[in-house]
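The values are calculated or read from the model by the stated rules, or taken from the named source; none is laboratory data. Since the structure is predicted, the reported quantities are computational estimates derived from the model, not experimental observations. Positions of Cβ are generated from backbone atoms using ideal geometry, with glycine treated the same way; all protein chains shown enter the neighbour counts.
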Amino acid sequence: MVEADDKVQDQDMVEEGQDQAAPATEDEPMATEGTIQDEQVEAEKKFRCTVQVADSGPWKKKISVEIPRKEIDKELDRQYGELRWKAEVPGFRKGRAPRRLIEKRYGKDISDQSKLRLMAQAFEQIEEEQKFEVLGEVDFDPEIEKPLFEVTEQRVAEALDELRKRHGHSEEITDEAAKEDDLVRADVVMKVEGEDEEEREENYSMRVGPTVVMGVYVEDMAEALKGAAIGQVKSCRAEISDTHEKEEYRGKKAEFNIEVKGISRLIPAELNEGFFERMGVSDEGELKRRIEEGLEQQAENEIRRMMAQQVYKYLDEKVGFELPEGVAARYADRFLARRYYDLLQQGIAREMIEENLERLRASSSEEANRQLKMSFVMDKVAEKLEVSVSEAEVNGVVAQIAARYGRRPERVKEELDREGRLESLKNQIRDERAVDKILEMAEVVDAPVKEPEPEEKPKKRKPRTLKSTKSDKTPQDEAAKEKKSTAKVKKAEKKKAEKKTTKKGVRKEAKRKPPSEKVDE
């Protein structure tokens, strides 16, 4: 961030200009457009100013610029001379108004314009003379883990099932009880503890499974509705979260009475010629191959994303600097505003967002600082690695976006440019190229992807019983117990052996580590 102190105040500029300029009369010779152009050419000539640079905090410099008096006068004369042909002053034709009247009417605007123009020229001199180093040096020799994804037959089968469900149809069920994942239509009554009034909803649709009912997450809905028939009334209980839109309900327990009115079931699409034709394939084998190719592409994209995240994390840890307070604060405010709007778009109540605003602000500030810091880092990384993005490459990405939404590329590009997102898109392409170059220099090791462990259900507590001081077990009971214990031990040993074998089978290959490249940052 740069602060400028030019030692020349606006009012001084105007007053000095008034002192030196003789009042114009209708008889005085007027400047012609030709002379104005000559003055503009003369004004374009660069001047030399006195520049002083001092530290003013982290990442900040205070720059004092002293511009010669004659340059200020020259710029003021040029501005007034140009404005006389455009200014509308009552009682005078354009180009005939006296300067003193123009100064009185437009003095502040001319002063501001002159100041900006002079400072712009001064900054050109500053850029030429002052060499500001932004960051230090970074060695590009991180160790990056490359996740190993395997597209198995099971994954292909699961993807095929999902595809059939997406293209399936819903059927009303009248002669069967509700099953898991069915959609139930019901009249619902919610009674909240400590509240006199009940809340009612008619023909409320809910899934047989963990779901949200009237703003309350009900985990046990599957147990309550599985096996329910039309006309039956089922009930279940749930605890209301601390973020419920009604403050008086938060943290309380709610009881639901559900009268089933209808049941509908999703029937997956059949694997027949009609389905294959819609999918653009000839048979089931070709469809599975197409699905497998899609899963492999998804896996490649996910691998690339995870490796890129490791690069960003590495750069974040290796490059340490403090962000300018003013810039960081403004960026954090914009980031918070975007998150606020996104939450509103998702249907979150404005009151709920406002209540959690401080927590949201803290998390937004942290993420905004990380993104802002990374944008500075990637600017320098791309410069050092000589990564650039051509207009043709940007147009290619815009065309892909347009094709995805069935729109014309030129319209999409105009929209992105109008919203200020075209430059962000260009930077995104550039950053991806820079990350690719870093990955080429990094040491890459293969690593298996950890499968998420299934959540354990809480065990039901057994009723406590009084233990007898005297054993009443028979010898047969003791033998059965011994046999069961031995089987458990053998099973544990077998599991342990399998685990060791798996660890040995994990492939860890490393590419040859190239010499470190340093980047001035």
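Details
- Whichever residue in the range 121-160 is at pLDDT 70 or above and of a type in the set (G, A, S) and, among such residues, is farthest from K318 (Cα to Cα): A157
- The range 419-445: number of residues that are outside any helix (DSSP H, G or I) and in contact (Cβ under 8 Å) with a residue 40 or more places away in the chain: 4
- Only listed residue being at pLDDT 75 or above and not assigned by TED's automatic domain parsing to the domain that holds H244, chosen from R330, R339, R361, R334: R361
- Any hit, the range 227-237, residues being hydrophobic (A, V, I, L, M, F, W, C) and either within 30 Å of R350 (Cβ to Cβ) or assigned by TED's automatic domain parsing to the domain that holds R350 (or both): no
Residues are listed down the side, and each one gets a yes or a no for (1) at pLDDT 50 or above; (2) in contact with an Asp or Glu (Cβ under 7 Å, 6 or more places away or on another chain); (3) surrounded by fewer than 13 Cβ atoms within 10 Å (Cβ to Cβ); (4) assigned to a loop (DSSP other than H, G, I, E, B):
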residue	(1), (2), (3), (4)
A24	no, no, no, yes
T35	no, no, yes, no
G57	yes, no, no, yes
V65	yes, yes, no, no
Q79	yes, no, no, no
E82	yes, no, no, no
A87	yes, no, no, yes
R105	yes, no, no, no
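- Taken together, the residues in the range 240-269 that are without any contact (Cβ under 8 Å) to a residue 60 or more places away in the chain and outside any helix (DSSP H, G or I) amount to 7.
- The residues of the range 389-402 that are of a type in the set (G, A, S) and modelled with pLDDT of 90 or more, listed by number, are S390, A392, G396, A399.
- Selection count where residues are over 47 Å from the mean Cα position of the chain (by Cα) and of a type in the set (A, V, I, L, M, F, W, C), scope the range 84-121: 7
- Residue tally, condition part of a helix (DSSP H, G or I) and surrounded by 13 or more Cβ atoms within 10 Å (Cβ to Cβ), over the range 270-288: 7
- Hey, I240 over 30 Å from V435 (Cα atoms), in the same structural domain as R185 (by TED's automatic domain parsing) and modelled with pLDDT of 95 or more or not: no
- The set of residues in the range 164-183 that are of a type outside the set (D, E) and in a loop (DSSP other than H, G, I, E, B) comprises H167, G168, T174, A177, A178, K179.
- Residues of the range 371-406 classified as surrounded by 13 or more Cβ atoms within 10 Å (Cβ to Cβ) and outside any helix (DSSP H, G or I), total: 3
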